[in-house]
Every structure is written in C-alpha cells, then in structure tokens.
Amino acid sequence: MRHVLTRQQLYDMIWERAVSKVAPELGISDVALRKQCVKHAIPLPDATYWGRLHAGRPVKRKPLGAASKGVSDRIVIDARAKPSAPAPVEAAIAVARQAMEAVAVPEKLHPLVAKTLVAARKAQLDRNGAITGLGGEVFRIRAHHDTLDRVGAFLNALVYNALARGHRFEAGREGLEMVVDEEPIGFAIYQTIRRSLHVATEEETRRRERWDARHRTDWDNWDKRPSIPYYDFTPTGEMAIEISGWSRYENAHRRFADTRARKIDSRIDEILVSFAAFAAGRKVEREEARERARLEEIGRQRRAEQARLAKLEQQRVEFLDRKLVQAEERDRLRTFLTNLPTDQISEEAPAMHAFIGWARQRLEKMEAQLQLATIADEVSGMDAFAPRGEGNGQEG
C-alpha cells in the first residue's frame, strides 16, 4: 500500500502521536519513518517532549521550516505488507473464527487464575511498584495492586473461553502457556507504564547537597551518594496482552491493548484467533525448517561426493603418472642395454659385468611391474579404483 503525504501532514502526525505509533499505521518501521523525516527536513520531538506532554507540563513544538532547495514537499511511503498466511494458517484462522456459543464465565475464579492472584498479592514489588516474575506455575503478569481485580476478571474470561475451544494450560519457563493444537504458546498480560522525566524535589536536592558538603572528596563512598531518578514511571491503568514470538503473517496479531474505543476484555475471541494462527504458523515454520535442513543435507552430501570424486581423480592421475614414469624408465633402460657394446667388455672387468647383470635384473623387475596382471592386482587393491560401495565401505 502506498501513502502520499505532504511535509505538513507528516509533521502534524508525528507531533500529535509518537513515531512508534504513526509508523505501524503507515506500514513501515520506526527507523524508516525517522529517515523519511530527516530526508524531508521534518523536525522530530526529542525525548523530553512526550514526558512533559503526558505529565501535563507545557510543551513547545519545533516549527516546520520551509523546505530547502532540492527537498520535495511530496512524501511517498510504500508500506511493507506482511506476506499472506499459508493455507494451514488461513485454515486455522477460519476454524477459530467460526461462531461459537457464548461461554458462560463463572463468577468464581478458575483455580489457575486464583493461584496467580494469590501469588501476586504476596509478591514483592519491583522498582516501579509493579508485580512481576511470579514463576512458571502461574500466569505471567505485570500489574499493580489496583489493577489485580481487572487482571483476574480478564484472565478468568480468557481461560474459560480457551478451555471451551479445547485448549489447555501448562507450566512454562516464565509462566503458564496456552497449548493450542499441541503447540505451547507463551503470553504476558501487563499494565502499561508511562515514562516521564523526573523533576527533583526540594528534599532530594537538599539531601544530595548535604552529602556533597560532607563527602565531596570521599571517592571511596561515592556509590553511597543519594541518587535522583532520571525518569518517573507512572501506571496508566491500561492493559495489554502480548503473545510470545514473532508473527510474520497477516491476520496473526501479536499484541492487543486497550484503546479509547475498546478494551481487551471485549476482544477475547480475536485474541484466541491469533493464538490459533500462531500455533498453525509454528507448525508451518517447523516444517519449513525441516525442509531447509533436508535440502542443506542434500547439498552437503553433494559437496562431499564432489570432493570424493575430485580426490579419486587425483589419486588415479598420480597412479597413472607413476606408471608412465616407470614405463619411460624401462624403455630407456632397455635401449641402454641394447646399445651397450657388451662384446667389447673385457673378461677381466668384473665390476662392469656385475653392473650389466644388475641392470638386466632391474629391467626384468620393471617389466614384471608393468605387466597387465600386476597392474590389475595393484588397481584392485586401491580405494581410488574401487567402484562406489565396493572396497571403500560406502553404499551405492
């Protein structure tokens, strides 16, 4: 999909909402959108802008200046659509979307949900005052005490609707996982947190100033200097559910969050459709991985066979070279002995007669080595000449 915008339109979009929210609507990444802004000389909000805005403090936009020479006022953005889901994933989505009878969710919490809330109320809070890290036997959540009741109600509805579809829950590494068509899928439910710049209080400033006055040169204890946080983390009250993993197919959404129009409590059917899509997608990806491994093994075997044939060829050439050298030496020795004037050699030259005798014996030996039967025996005992599967321990 192609989006055509003016500089003013894109400027208004990124200053009314964060780049991270505008980019998905345009079908591109945050980095790609920032590059477009830089390319077309559109100023971007800095890190303090959204913190001050969410904290209700006065903010000031950087003005959109006139486009410099060579910068177009027309911006064309081509969205990168996710690939269409393969047939098994589409089939799983279609089955999951089939109308089901409304599930009557009991008021009494499911035992897994009740166990999660009990663990949450006993857990220690993290540095942001949130409940998290409850273990693999309960649901993975990140929430605050004031939202636990809503977390429990949402989880209760999710669990009973999942059970009605034939799914089940099993302990995972970080929390309970939903098992869809024998595929365990992890997920997390959390309350979103807004980050804003921290403004030091008078007490924090005085405490640091007093410490500095007393320990200004005490470098050994500098780690004990009173710290002032850089950010404040404020719970928003909004909730989201995030499925573990990455979805590369359309119609398989990984994250569902509260919006002004709808809460995730009313989107349980959509959420369970995505769980079904993720489960089918994992089966497809596993099958694709097996096929890749099979092709890689075929390639490895082909490369190994090519290397074997190359080595075989080298061994055969080397053997032939040795035999040719032997044949050349035999012919030279034969010629030498034929042309040798033995009738002129004195009877009183025993050393010469011994040498000629030795040369004739060597010629006989070389002729024996170059006889066909001898070469055949030598070839039969060499792996380099053995047929595939015979004499070398390899199957044909």
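Which ones in the range 345-355 are surrounded by 10 or more Cβ atoms within 10 Å (Cβ to Cβ) and either touching a helix residue (DSSP H, G or I) at 6+ places or on another chain (Cβ under 7 Å) or assigned to a loop (DSSP other than H, G, I, E, B) (or both)? Across the range 345-355, the qualifying residues are Ile345, Ala349. Out of Glu250, Glu177, Glu209, Glu204, one residue alone is modelled with pLDDT of 90 or more and of a type in the set (Asp, Glu). It is Glu177. A single entry from Arg330, Arg316, Arg334, Arg388 fulfils the requirement of being touching a Gly at 6+ places or on another chain (Cβ under 7 Å), surrounded by 13 or more Cβ atoms within 10 Å (Cβ to Cβ) and modelled with pLDDT under 95: Arg388. Take the residues of the range 1-31 that are of a type in the set (Ser, Thr, Tyr) and closer than 21 Å to Ala67 by Cβ: which is surrounded by the fewest Cβ atoms within 10 Å (Cβ to Cβ)? Result: Thr6.
Of the residues making up the range 97-149, those that are surrounded by 14 or more Cβ atoms within 10 Å (Cβ to Cβ), of a type in the set (A, V, I, L, M, F, W, C) and part of a helix (DSSP H, G or I) are Leu112, Val113, Ala114, Leu117, Ala119, Ala120, Leu148. Taking the condition under 26 Å from Arg195 (Cβ atoms) and either open to solvent by less than 50 Å² (accessible area, probe 1.4 Å) or part of a helix (DSSP H, G or I) (or both), does Arg34 pass? Here the answer is yes, as Arg34 does meet what is asked.
Inspect all residues belonging to the range 258-279 and state whether any of them is within 30 Å of Pro184 (Cβ to Cβ), modelled with pLDDT under 85, among the basic types (Lys, Arg) and within 33 Å of the chain's Cα centre (by Cα). No, the range 258-279 has no match at all. Scanning the range 159-169 finds one or more residues that are in contact (Cβ under 8 Å) with a residue 40 or more places away in the chain, closer than 11 Å to Val113 by Cβ and outside any helix (DSSP H, G or I). Going by what's in this entry, would Thr259 be described as surrounded by 10 or more Cβ atoms within 10 Å (Cβ to Cβ), touching a strand residue (DSSP E or B) at 6+ places or on another chain (Cβ under 8 Å) and not charged (D, E, K, R)? When the stated conditions are applied, Thr259 does not pass them.
The values are calculated or read from the model by the stated rules, or taken from the named source; none is laboratory data. Keep in mind that this is a model prediction, so the values were computed, not measured. Neighbour counts are summed over all protein chains in view; Cβ atoms, including those assigned to glycine, are modelled from backbone coordinates with ideal geometry. Heavy atoms of the whole protein, side chains included, go into the accessibility calculation; ligands, DNA and RNA do not. Shrake-Rupley method; radii C 1.70, N 1.55, O 1.52, S 1.80 Å.
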